Structure formats: C-alpha cells, structure tokens
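Novice: This is the structure, below, for whatever I ask next.
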Amino acid sequence: MAVTKTHPIKSTLKAAIDYICNPDKTDGKLLVSSFGCTVETADIEFAWTRRHAIDKGTNLGRHLIQAFEPGEVTPEEAHRIGMELAKRLLQGKYEAVITTHLNTEHYHNHIVFNSVSMEDGKKYHS
C-alpha cells in the first residue's frame with residue numbers, strides 16, 4: 001500500500017524540481033511528466049502564476065512523496081498512479097511536475113506543484 005507525505009517549499013523551488021527530475025533516479029528522465037507547465041521551465045512558470053495571484057500565501061509550492069512497498073508496482077505503474085494522484089488532488093488547477101524515482105528498492109513518486117492555482121489565483125489548501 002502506498003504511503004504519502006507532503007511538505008511546503010518555502011525557498012529553492014528550482015532546486016526541488018531539479019532534484020526530483022534527476023536522470024539517474026528517473027530512468028534517464030523517462031519517468032518525468034508535467035501538467036500545466038514545461039518541466040524545464042516549471043520554476044519560472046510557477047513564479048509567473050504566483051506574481052499574478054490574488055492570494056499568494058508564503059509557500060512557493062508543495063512537495064508530495066508517494067512511496068510503494070518493494071515489488072508492489074512496476075516503474076510504469078508507479079508513474080501512472082502518481083499521475084492519477086496528481087490529477088485527482090490538483091483537479092487541473094495547479095502546475096505540477098511528477099516524477100518516479102527508481103534509485104531505492106521501493107519505487108516512489110515526487111510531485112512538486114505550485115502553491116497557487118493557475119485557474120483562479122488562489123492558494124492551495126490541503
């Protein structure tokens with residue numbers, strides 16, 4: 001059964017996105033996806049959305065980690081599940097970068113998403 005945890009990103013948004021997109025952990029970036037932004041410029045796009053937001057809050061984004069038991073899923077299944085989680089959680093309102101890391105015996109997803117909605121400029125509430 002997958003376990004999830006999330007924490008705020010208060011600074012270094014680019015560093016968080018660069019970390020989760022590490023090609024050594026994502027099968028050469030094959031297991032990297034995005035929604036509402038381009039992976040390579042996600043931090044810039046998040047910042048643009050925040051600049052035009054009504055209710056910015058103090059967080060630049062959120063970092064969600066979803067971990068699976070060893071052998072529970074294939075890399076492709078893990079990534080598909082991560083994409084589905086992001087879709088349901090964010091409802092198409094927040095830019096996000098979704099990756100699956102294979103560097104440990106338990107595959108795990110990282111979802112970094114904007115703390116501000118690109119749809120209505122309001123901050124994310126969990």
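Bear in mind that the values in this text are calculations on the coordinates, not laboratory data. Remember, predicted model here, so these are calculated numbers, not experimental data. Methodologically, a virtual Cβ is constructed for each residue, glycine included, from the backbone with ideal geometry; neighbour enumeration extends over all protein chains shown.
Novice: Run the quick spin-label model on HIS125 and ILE54: label points 7 Å from Cα toward the beta carbon, then report their separation in nm to one decimal.
Specialist: 1.2
Novice: At 0.36 nm per residue, and after removing the present C-alpha to C-alpha distance, how many nm does the segment from VAL3 to THR104 gain when stretched out fully?
Specialist: Numbers: separation 101, 0.36 × 101 = 36.36 nm, distance 1.51 nm.
Result: 34.9 nm gained on full extension.
Novice: Next question, about the same structure. What order, most packed first, do the peptides 51-57, 104-110, 66-72 have when packing is the mean number of other Cβ atoms within 10 Å of each residue?
Specialist: On the way: 51-57: 13.0, 104-110: 18.7, 66-72: 14.7.
In decreasing order of mean packing, 51-57, 104-110, 66-72 become 104-110, 66-72, 51-57.
Novice: Related question: Taking a point 7 angstrom from the Cα of ILE44 along the C-beta vector, which residues in the range 1-31 have backbone N less than 16 Å away?
Specialist: Label zone hits: 13-15, 17-18.
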